[in-house]
Amino acid sequence: MKQQLLQKHTAVMVIFLLLLSISSTAQKKDVVIRISQDEKSVALSEFQTTIRLKNRAFKFLVMLENIKGVYVFASTRDSIYRFTETSPIRDFVYLPILEFKEDEFNQNKELNIGETGWSYWFYDTAAAWHPFNSKIVGLGNGRIVGTKSIKHFYDIADGNVIRIKEIRTPVYLFFIAVAEYDANGTPTKELLRRKLKIEWTDED
């Protein structure tokens, strides 16, 4: 009898641990960012990445896993780009109130650039819109891929549209994903960060 009870208890524990493992896996949070041009793409798998693009349209492909979005700082100045992998991020707790306005479903195909705020690229089934291209690809297990096509830049400071073929200076991007928020929606924990420097080439 004792042996049967022990076996039953062991079986229950095994099932519990298995379910716990499955639950933990299902709730894994991650963000993968790729940049694509001419059917070639590069993943921002390391903290710092420098790539060379032609002066024409390109795309960001963002995989969100059990997380709503990623904050994006873009500028022609390298101020925030100087932060290291462990530097405290200025105004981290204020990210939600520093969001630039984004076009619904990326209608204007723009990348906001500026020194005073962040774009927020998100996907939420409870929201009526999102800033990615209209088609979202679902991968299951809480994962989606959104595409952000870029045909020109929008300068927040002066309201000017800058065509890609006119830009010659590098563009610096800093991505932050938030792992946890408090009850008031204030970011409390960082999930990951990525840096990207885009240099331009006229080569075909």
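The values are calculated or read from the model by the stated rules, or taken from the named source; none is laboratory data. Owing to the predicted nature of the structure, the values given are computational and were not obtained by experimental measurement. Areas reflect the complete protein model, heavy atoms only, side chains present, ligands, DNA and RNA absent. Shrake-Rupley method; radii C 1.70, N 1.55, O 1.52, S 1.80 Å.
Annotations for the structure displayed:
- Largest to smallest in accessible area, the residues Tyr181, Tyr154 fall in the order Tyr181, Tyr154 (1.4 Å probe, all protein chains included).
- Per-residue HN-Hα couplings for segment 83-88 [Karplus 6.51, -1.76, 1.60; θ = phi - 60°; Hz; x = Gly/Pro]: 4, 7, 5, 10, 5, x
- Surface composition of the chain: carbon and sulfur atoms hold 52% of the protein heavy-atom accessible area at a 1.4 Å probe.
- Accessible area of segment 96-167 divided out per residue, in Å², using a probe of 1.4 angstrom: 53 Å²
- Between segment 110-136 and segment 141-182, the Cα center-to-center distance that results, in Å: 9 Å
- Mean separation of Cα contacts under 8 Å (6+ apart) over length of the chain, as relative contact order %: 27 percent
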